[in-house]
Amino acid sequence: MECAFGIVGKDYTILCSDMSAGRGIIKMKSDENKLKQLGPTLAMAYSGEPGDTNNFADYVDRNLRLYHIRNHNALLPPSASAWIRQTLAQSLRSRSPYAVNLLLGGYDSTTSTPHLYWIDYLGTKAVINYGAHGAGMYVALSTMDKWWFEGMDEEAGLKLLNKCIDEVQHRMVIKFDFNCVLINKEGVHPIDLASANPLAGLTKSTPETAADPAPSVGVTA
C-alpha cells in the first residue's frame, strides 16, 4: 500500500508521499524516497511496482536533464507533463509497460503559475488543484473537497495536508512515514512536517541532493 498527496495553493505546489517499500503484507523499508526533483521548479511523487517506479523516475529525470543541457532551459511543467503522459501511453502499448502512477507538481516561471498533474499508469492525465494516489485517496479526497479553497497560502496548504495525514492516521490500519516538498518560484524545498513551524527556514534543494529524504512524520493507527 502506498499514499501520495498533492495540493496547489496561491503561488506554490505541495507534494507529499509515504516512505514505505514492500510487497503484499511485508514491509521491507520505511525510508524509501518516492519524491524526485526533475528541475529547478519541478518534482513528482510516484508510486507503483517497485522496479518500475525507480526505473521510470530515473528515465524521466535523465531525459529532462538532457533537454535542459541541450536547450539551456528547463522544460516547463505543462510540457513536462505532456511528455511524461506520452511516455507512459507508449510504454502501455509495448511489451514492457511501466506500472507507475504519479503526481507531477511544478511552478511555471513564465506565467507565475503553480501546476499539479494527476497521471496514472494508463497514460491518463488530469490538471487538478488537489489529488491523491494510493490507499490514502480513499480517505483523504473528501477532506480535500471540504477544506481546499482558491488562493490558499502556504500555511493553509500545510494545514490541509496535515488534515489528510490525520485521516490516514485515524481511518487506516497501516503505519506510514511521510516525505514532503513545497515547490514555488524559488525552487523545491524539503518540508519537515514534524517541526513546530515547517515553513521556517525553507531550504532550496538541488537535483543532486533531492534524492535524500526530507525529515518525515510518522503516522500510527
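Compute the FRET efficiency between ASN63 and THR111 as 1/(1 + (r/R0)^6), taking r as their Cβ-Cβ distance and R0 = 22 Å, and round to the nearest 0.05.
Details: r = 23 Å, r/R0 = 1.06.
After rounding to 0.05, the efficiency reads 0.40.
Between the labelled values (1) 46, 39, 30; (2) 70, 54, 34; (3) 89, 41, 28, the entry that holds Cα extents along the principal axes in Å as derived from this structure is (1).
Pairs exceeding a 28 Å alpha-carbon distance, out of LYS29/LYS185; LYS29/LYS146; LYS36/LYS185; LYS27/LYS125: LYS29/LYS185; LYS29/LYS146; LYS27/LYS125. Here each label is just a point 7 Å from Cα along the line to Cβ, and for VAL173 and LEU199 those points are 3.9 nm apart. Computed over protein heavy atoms with a 1.4 angstrom probe, the accessible surface ordering of ILE174, ILE25, ILE84, largest first, is ILE25, ILE174, ILE84. Surface analysis of region 152-206 yields an accessible area of 48 Å² per residue, using protein heavy atoms and a 1.4 Å probe.
Which percent of the accessible heavy-atom area of region 1-57 goes to carbon and sulfur, probe 1.4 angstrom?
C and S atoms contribute 52 percent here.
Just subtract the alpha-carbon distance of ARG70 and SER30 from 0.36 nm times their residue separation and send over the number in nm, one decimal.
On the way: separation 40, 0.36 × 40 = 14.40 nm, distance 3.72 nm.
Length difference between fully extended and current span is 10.7 nm.
Among the trypsin sites (Lys or Arg not before Pro) in region 50-151, those placed in a DSSP loop whose Cβ has at most 11 other Cβ atoms within 10 Å are ARG93, ARG95. Taken as entire DSSP H runs, the helices of the chain that both span 24 Å or more between Cα atoms along their own long axis and average -1.0 or more on the Kyte-Doolittle scale are 154-171. What number comes out for the charge environment of ALA21, summing +1 per Lys or Arg and -1 per Asp or Glu over other residues with Cβ under 10 Å away? Value of the local net charge: 0. Could you tell me how far the Cα centroid of region 100-114 sits from the Cα centroid of region 119-163, in Å? Centre-to-centre (Cα) distance: 14 Å. In percent, rounded to a whole number, the relative contact order of region 17-172 is 16, using alpha-carbon pairs under 8 Å and six or more apart.
The values are calculated or read from the model by the stated rules, or taken from the named source; none is laboratory data. None of the values given here were measured: they were computed from a predicted structure. Glycine also receives a Cβ, built like all others from the backbone with ideal geometry; neighbour counts cover every protein chain displayed. Note: areas computed on protein heavy atoms with side chains; ligands, DNA, RNA excluded. Shrake-Rupley method; radii C 1.70, N 1.55, O 1.52, S 1.80 Å.
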